[in-house]
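Novice: First the structure, which I've put down as structure tokens, then a few questions once you've had a look.
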Amino acid sequence: MGIDGHCLPTRLGWHITQGVDVGHWVAERVQGKYFADGSQAIGLERDGQIIAGVIYENWNKASIVCHIAIEGRITKGYLKAIFSYPFEFCKVKKIIVPVSSTHAKSLKLVTKMGFVKEARVKDAAPDGDIIFLTLAKENCRFLGVQNG
């Protein structure tokens with residue numbers, strides 16, 4: 001994939017990028033905090049504005065935790081990038097996504113991406129439970145997609 005500090009052009013006006021600006025953008029939208037040390041943030045910009053981002057953290061060689069925020073249409077190339085990083089570069093078996101039980105739109109999004117509910121922790125979110133959804137590499141349909 002090659003996230004190496006440079007923007008990767010996808011389509012006219014679209015760029016895959018990384019860094020602290022993306023991390024803070026995602027954290028603000030998922031009501032969390034971003035800590036650059038030990039994390040990786042990958043974003044999608046359109047016409048210079050961040051419209052999507054993920055934060056990867058807590059990598060333990062078998063799994064990695066991911067937080068996702070999307071505000072607009074995303075590209076196939078971006079989907080390939082955000083799933084190639086954990087599975088191809090970090091070599092994890094699973095991605096873990098924690099989502100508040102009251103965030104129906106987020107639950108629908110990650111389920112549509114292929115994540116499945118694996119655990120629920122009662123009263124762990126400010127507004128409800130935290131549901132942990134996971135995606136195993138063998139179930140990820142985005143690794144072979146063409147950029148665009």
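Novice: Of these, Lys117, Lys122, Lys94, Lys105, which one is over 24 Å from Gly13 (Cα atoms), surrounded by fewer than 13 Cβ atoms within 10 Å (Cβ to Cβ), modelled with pLDDT of 95 or more and not acidic (Asp, Glu)?
Specialist: Exactly one of Lys117, Lys122, Lys94, Lys105 is over 24 Å from Gly13 (Cα atoms), surrounded by fewer than 13 Cβ atoms within 10 Å (Cβ to Cβ), modelled with pLDDT of 95 or more and not acidic (Asp, Glu), namely Lys122.
Novice: All but one of (1) in contact (Cβ under 8 Å) with a residue 60 or more places away in the chain; (2) farther than 26 Å from Asp47 by Cα; (3) not polar (S, T, N, Q) hold for Lys80; which doesn't?
Specialist: It is condition (2) that Lys80 fails.
Each row is one residue, and each column tells you yes or no for (1) surrounded by fewer than 18 Cβ atoms within 10 Å (Cβ to Cβ); (2) touching a helix residue (DSSP H, G or I) at 6+ places or on another chain (Cβ under 6 Å); (3) modelled with pLDDT of 90 or more; (4) closer than 18 Å to Val65 by Cβ.
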| site | (1), (2), (3), (4) |
| --- | --- |
| Met1 | yes, yes, no, no |
| Cys7 | yes, no, no, no |
| Trp14 | no, no, no, no |
| Val26 | no, no, yes, yes |
| Gln40 | no, no, yes, yes |
| Asp47 | yes, no, no, no |
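Novice: Let me ask another. Going through Ala41, Ala81 one at a time, which residue ends up being assigned to a helix (DSSP H, G or I) and either small (Gly, Ala, Ser) or in contact with an Asp or Glu (Cβ under 9 Å, 6 or more places away or on another chain) (or both)?
Specialist: Just one listed residue meets the conditions, Ala81.
Novice: Quick one: would you say Ala81 is at pLDDT 95 or above and small (Gly, Ala, Ser)?
Specialist: No, not satisfied.
The values are calculated or read from the model by the stated rules, or taken from the named source; none is laboratory data. A quick note: this is a predicted structure, and the numbers were derived from the prediction, not measured. A quick note on method: Cβ atoms are made from the backbone with ideal geometry, for glycine too, and the neighbour counts reach across all protein chains shown.
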